[in-house]
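To keep things clear, I will list the structure first and then write my remarks on it.
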Amino acid sequence: MDKYKKYLNKYTYLFITLIFLIIIGIYIIVPNFQREEFSQEVIDDIIEGVTTTSSPSSSENNNEGSQKEETNNLTEQDNLNISKEQKNEITQNFTAFTANKDITGFDSYLLIGSDERNEETITTRGEVFGKRADVIILGMVNQKTKETTLLSFPRDLLVVNLCTDKLERINATFSRNNCGNSAENLAAHIYKISGIKVNHFASFDFKGFETIIDSVGGIEICVDQTQKEGYSFELQKGCQTTNGLTTLNWVVSRATEVLVGEKTVDSEGNDNSEWKPMAGVSDLTRIKRQQYVVVQLINELKNFESLNELNKFINALENTFIIDENLTINKAADLLWSFRDFDISKVNKITTPTDYLTLEDGRQVLILNQNLYDFLVKESILDS
C-alpha cells in the first residue's frame, strides 16, 4: 500500500509539473496582442441609429485634447465638395442598393489595414492626420463547404455615415469614435451595405504590414511589366520575392510607372530608361494587389511543417495586430492551420460592385451600383 502511495505521489507531482510547464509555455508562446472591444449590441445600436459609445481601446487611449484635434483634422481633410443635386442622387443610390436581407451561413473576419502612421512610416509614406482604413477586406468562410471568399470594400466608396448622417468615404468611418469604437463603427457600415454580420476583426498599420510579410521571409510577386514608383519600389517583369517594405509600397502605389522598351543604365549607374504612367491605376488596382498579397500569405502557410513553426510565426506578429476581444489565440491558430492544405486557386476574390462618380471639384469617388446580395448570387458565392 505504501509502495502504491509512493508511485501515486510520484505521478501526481509529475502531472502537476507538466501542467505548470504547459502554462508557462502558453505564456511564452502566445503573443500579447492588443485587444479591442467588439460588441454586436453596440454595432446593432449604430445600425439602428442609436448613439452609443464604447470604451476606447488601448490603441485609441489618447487624451481628450488630441482626440478633438484629430477629429478636426479629419473633418478638414475629408470634406467633400458635393452639390445638393449630387448629394440627393448619392443618398438615393445608397438607400436603393444597401442590404435588404441578412446573409448568413458564413464565418466572417474583417481585415483592416490602417493608414495610421508612426515615425518610421511617415518617413517613407508621408504624414496624414488621424486614422483611416486603407485596406478593408471581409474574409468569408462558408460554414458548410469551407469555401473562402475575399470581399473587398473600396476605401473611396461613399456611404451615409450612420453616426453623423453625412456623406463620406467608408474608410473615414474607421476613424470616427462618436458612436462605438473604430472597428464597431466600420463593421456597422459593412453590415448596412452587405447584410453580413462581422464575427471577428483584426487591424494593422503600415509597419505591421511590413512585419507580417517579413515574418514569412517575403512573398512572391509576379508582374507582366517592369514597374516602379519613384525610389519606393521597382519590380522586374516576371516573379520575384519581395520584403515587407517593397510589398507595402507596391500595394499602396497610386502612381505606378511601367518601363518602355529596354532598361538602360549609364556607366555611373544612372537609370536613363523611358518610363510612362501605368494605365488604369486606381483604388480598384490597389484592391487587386491587396487581395493578391492576402492569397500569397495564405499560400505561405503551407511552409509550416509543425505547430512550433506556426507559433514562431504568431510570435513575430506580437504588437502587430489589434484583434477583437472575442477572438481567442487558439481559434486564430486553428484558422491559420486549416489553410495549410488549402488550394489558393479556389479563393474567390471579389470587390463590392461600384461606379465612379466625379465630384464638382474634380475628385473621383465610388458609389454602389448593385445590391450586394444579388451580386453574390451572380458570382455563385450564394445560392439564389
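The values are calculated or read from the model by the stated rules, or taken from the named source; none is laboratory data. What you see is a predicted model; the values in this text were computed from it and never measured. We place every Cβ from the backbone using ideal geometry, glycine too, and count neighbours over all the protein chains shown.
Selection of the stretch 197-226 for residues being polar (S, T, N, Q) and either in contact with a helix residue (DSSP H, G or I) (Cβ under 8 Å, 6 or more places away or on another chain) or closer than 22 Å to Phe174 by Cα (or both) yields Asn199, Ser203, Thr211, Ser215. Comparison of Val281, Val295 shows that the only residue that is within 20 Å of Leu248 (Cα to Cα), within 17 Å of the chain's Cα centre (by Cα) and β-branched (Val, Ile, Thr) is Val295. For the stretch 340-384, the candidate set comprises residues that are touching a helix residue (DSSP H, G or I) at 6+ places or on another chain (Cβ under 7 Å), free of Cβ contacts under 8 Å to residues at least 60 places away in the same chain and surrounded by 13 or more Cβ atoms within 10 Å (Cβ to Cβ); within that set, the residue that is nearest to Gly280 (Cα to Cα) is Pro353. Leu336 fulfils the conditions (1) in contact with a Leu (Cβ under 7 Å, 6 or more places away or on another chain); (2) without any contact (Cβ under 8 Å) to a residue 12 or more places away in the chain except for a single criterion, (2). Every condition in (1) part of a strand (DSSP E or B); (2) of a type in the set (Asp, Glu); (3) in contact with a Phe, Trp or Tyr (Cβ under 9 Å, 6 or more places away or on another chain) is met by Asp355 except one, and the failing one is (3). Per the listing Lys302, Lys263, Lys276, the residue uniquely over 20 Å from the mean Cα position of the chain (by Cα), part of a loop (DSSP other than H, G, I, E, B) and either among the hydrophobic types (A, V, I, L, M, F, W, C) or at negative phi (or both) is Lys263.
A quick yes/no check of all residues on (1) surrounded by fewer than 16 Cβ atoms within 10 Å (Cβ to Cβ); (2) not basic (Lys, Arg):
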site: Trp250; (1), (2): no, yes
site: Val258; (1), (2): no, yes
site: Thr264; (1), (2): yes, yes
site: Pro277; (1), (2): yes, yes
site: Arg286; (1), (2): no, no
site: Val295; (1), (2): no, yes
site: Leu301; (1), (2): no, yes
site: Phe313; (1), (2): no, yes
site: Glu318; (1), (2): yes, yes
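Every condition in (1) among the hydrophobic types (A, V, I, L, M, F, W, C); (2) over 14 Å from the mean Cα position of the chain (by Cα); (3) buried (at least 22 other Cβ atoms within 10 Å of the Cβ) holds for Ile221 except the one numbered (3).
So that you can scan it fast, the table gives a plain yes or no per residue for (1) among the charged types (D, E, K, R); (2) in a strand (DSSP E or B); (3) surrounded by 18 or more Cβ atoms within 10 Å (Cβ to Cβ); (4) out of contact with any His (no Cβ under 7 Å at 6 or more places or on another chain):
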| site | (1), (2), (3), (4) |
| --- | --- |
| Leu150 | no, yes, yes, yes |
| Pro154 | no, no, yes, yes |
| Val159 | no, yes, yes, no |
| Ala183 | no, no, yes, yes |
| Val198 | no, no, yes, yes |
| Ser203 | no, yes, yes, yes |
| Leu245 | no, no, yes, yes |
| Arg254 | yes, no, no, yes |
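Among the residues here, Asn330 qualifies as out of contact with any His (no Cβ under 7 Å at 6 or more places or on another chain), modelled with pLDDT under 90, in a helix (DSSP H, G or I) and loosely packed, with under 15 Cβ neighbours inside 10 Å.
Thr121 meets all of the listed conditions (1) more than 25 Å from Asn319 (Cα to Cα); (2) at pLDDT below 50 but one, namely (1). Taking the condition part of a helix (DSSP H, G or I) and in contact with a Lys or Arg (Cβ under 7 Å, 6 or more places away or on another chain), does Gln296 pass? Answer is no for this residue. Scan the stretch 227-240 for residues that are of a type outside the set (Lys, Arg) and either in contact (Cβ under 8 Å) with a residue 40 or more places away in the chain or loosely packed, with under 12 Cβ neighbours inside 10 Å (or both) and the total you get is 6.
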